[in-house]
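A.B. asks: Dropping a structure here in structure tokens format, bear with me for questions.
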Amino acid sequence: MAYGAIISLGAQPPAAVTSSSTKFLRSHVATPSPTFRKHILISTPREFRRPSATVFSDAVVQDAGATALVVSGAYALVSIFDNLTRRSIIEQNLSRKLVHILSGLLFLASWPIFSTSTGARYFASLVPSINCLRLVIHGLSLASDEGLVKSVTREGKPEELLKGPLYYVLVLIFCAIVFWRESPVGMISLAMMCGGDGIADIMGRRFGSLKIPYNQQKSLAGSLSMFLFGFLVSVGMLYYYTVLGFIQLDWMWTIERVAFVSFVATFVESLPTTGSVDDNISVPLASMLTAILVFGY
Ligand SMILES: Nc1ccn([C@@H]2O[C@H](COP(=O)(O)OP(=O)(O)OP(=O)(O)O)[C@@H](O)[C@H]2O)c(=O)n1
Ligand SMILES: C/C(=C\CO)CCC[C@H](C)CCC[C@H](C)CCCC(C)C
């Protein structure tokens with residue numbers, strides 16, 4: 001039984017797709033442009049046709065529980081890496097990058113536990129929103145959380161929370177609300193920001209002796225790692241959502257486009273713009289714009 005929205009990329013729409021359910025979704029989510037409609041068609045299971053009070057209340061309970069679970073996971077993840085850093089099991093920079101990689105990808109992977117209601121994406125966005133508030137409170141030193149500061153900042157300064165980490169959670173909120181499970185754009189953008197950009201730092205610091213000609217601060221090893229890992233995580237996430245029945249992919253059509261998005265995002269990340277534009281803005285923005293161009297939505 002299809003769980004959540006089914007997006008057919010290239011394949012024929014499943015028989016369950018009906019004009020009334022498609023009309024319903026069109027009133028709730030943007031639909032792909034006519035050019036791409038032969039590749040992307042969004043449909044929805046029966047629950048939406050006549051939402052009853054029971055379906056509604058069950059969905060709210062499910063979404064509230066899922067939100068509580070994922071919020072707890074976020075706190076646990078930061079605490080685990082704070083503990084590993086305090087005990088000098090891993091150094092602070094590696095800890096920060098692992099939190100960068102795991103937070104967003106685990107958040108993206110948690111979306112299927114939310115209900116199929118139209119409000120589910122807003123419940124899910126509460127998770128990064130709560131963390132956004134946490135970052136602002138501690139970034140302004142209105143309260144202190146040494147563990148948070150140590151595990152997500154470069155130099156251990158609270159005000160650093162108001163830069164990269166804050167942009168990061170704002171991107172998570174945006175992707176959850178705007179793209180959600182209905183579009184590959186959000187999945188690919190988060191895979192590139194979390195997986196691709198995160199691994200670039202880890203691999204670049206270790207193996208980055210050969211620098212990029214136009215940016216001596218970054219290396220070919222870092223960029224190549226970003227391209228490959230970002231591509232693989234993007235395809236992995238799309239496959240994950242395929243297995244769960246949210247999307248049906250024309251894989252050759254899709255893989256070509258994911259590779260192109262990964263290339264563009266990697267090129268943007270390699271540019272000498274770190275001082276002016278944070279990677280947590282430029283990488284997801286480049287990924288989203290390119291993915292919208294090639295996927296149509
Ligand atoms: N394509 C890349 C990206 C990063 N790096 C290495 O990783 C370090 C940090 O990369 P950067 O993207 O600048 O990370 P920060 O912005 O410092 O960290 P954050 O994204 O968490 O703010 C760089 O100095 C470089 O040594 C690299 O070699 N090649
Ligand atoms: C170090 C980071 C960015 C700098 O490049 C990442 C900051 C992460 C936030 C402090 C916490 C974000 C938590 C996620 C919204 C939810 C994760 C849930 C999952 C189940 C662990």
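The values are calculated or read from the model by the stated rules, or taken from the named source; none is laboratory data. Since we're looking at a predicted model, the values are computed, not measured. No Cβ is skipped: glycine too gets one built from the backbone with ideal geometry, and neighbour counts run over all protein chains shown. The accessibility values were calculated without ligands, DNA or RNA, using every heavy atom of the protein model including side chains. Shrake-Rupley method; radii C 1.70, N 1.55, O 1.52, S 1.80 Å.
A.B. asks: Nothing charged except the Cβ atoms of Lys and Arg (+1) and of Asp and Glu (-1): what's the magnitude of the dipole of region 63-178 about its Cα centre? Round to the nearest 20 debye.
C.D. replies: That gives a dipole near 160 debye.
A.B. asks: Along the Cα→Cβ direction, 7 angstrom out, place labels at residue 253 and residue 277. What is the inter-label distance in nm?
C.D. replies: 3.0
A.B. asks: Rounded to a whole number, what % of the accessible area of region 90-245 do carbon and sulfur atoms account for, probe 1.4 Å?
C.D. replies: 68
A.B. asks: Right, next: Kindly identify region 63-178 as rounded, prolate or oblate by the Cα gyration tensor criterion: order the square roots of the eigenvalues as a ≥ b ≥ c, call it rounded if a/c is under 1.5, otherwise compare a/b with b/c, prolate if a/b is larger, else oblate.
C.D. replies: It is prolate, given that a/c is not under 1.5 and a/b is the larger ratio.
A.B. asks: Want the number for residue 267 to residue 232: 0.36 nm per residue separation, take away the alpha-carbon distance, what's left?
C.D. replies: This chain segment gains 10.9 nm when fully extended.
A.B. asks: Gain in length, residue 68 to residue 207, computed as 0.36 nm per residue apart minus the alpha-carbon separation, to one decimal in nm?
C.D. replies: Roughly 46.1 nm would be gained on extension.
A.B. asks: Tell me the label-point distance for the pair residue 53, residue 217, using the 7 Å Cα-to-Cβ offset, in nm and rounded to one decimal.
C.D. replies: 5.9
A.B. asks: If you don't mind, another one. What whole-number value in Å² describes the accessible area per residue of region 143-197 for a 1.4 Å probe?
C.D. replies: Roughly 31 Å² per residue, with all protein chains present.
A.B. asks: Full-extension gain between residue 79 and residue 91, please, as 0.36 nm times their residue separation minus the C-alpha to C-alpha distance.
C.D. replies: Here the answer is 2.8 nm.
A.B. asks: Answer rounded, prolate or oblate for region 107-235, using the Cα gyration tensor with square roots of eigenvalues a ≥ b ≥ c: rounded when a/c is under 1.5, else prolate when a/b is larger than b/c, else oblate.
C.D. replies: Oblate.
A.B. asks: Right, something else. Quick check: pseudo-label points 7 Å beyond the Cα along Cα→Cβ at residue 106 and residue 155, how many nm apart are they?
C.D. replies: Each label point lies 7 Å from its Cα, and together they span 2.9 nm.
A.B. asks: On alpha-carbon atoms, Rg over Rh for region 180-297 using Kirkwood Rh?
C.D. replies: With Rg and the Kirkwood Rh in hand, the quotient comes to 1.00.
A.B. asks: Given a Förster distance of 22 Å, report the FRET efficiency between residue 60 and residue 137 from their Cβ-Cβ distance, rounded to the nearest 0.05.
C.D. replies: The formula returns an efficiency of 0.20 here.
A.B. asks: Of the peptides 235-242, 139-146, 189-196, how do they stack up when ordered by the mean number of other Cβ atoms within 10 Å, highest first?
C.D. replies: So the peptides 235-242, 139-146, 189-196, ranked by packing, come out 189-196, 235-242, 139-146.
A.B. asks: Now for a different question. Set Lys and Arg Cβ to +1 and Asp and Glu Cβ to -1, take the dipole of region 180-297 about its Cα centre, and tell me which of 258, 210, 241 lies farthest positive.
C.D. replies: It is 210.
A.B. asks: Taking the Cα centroid of region 48-124 and of region 187-236, what is the distance between the two, rounded to the nearest whole Å?
C.D. replies: When both Cα centres are located, 25 Å separates them.
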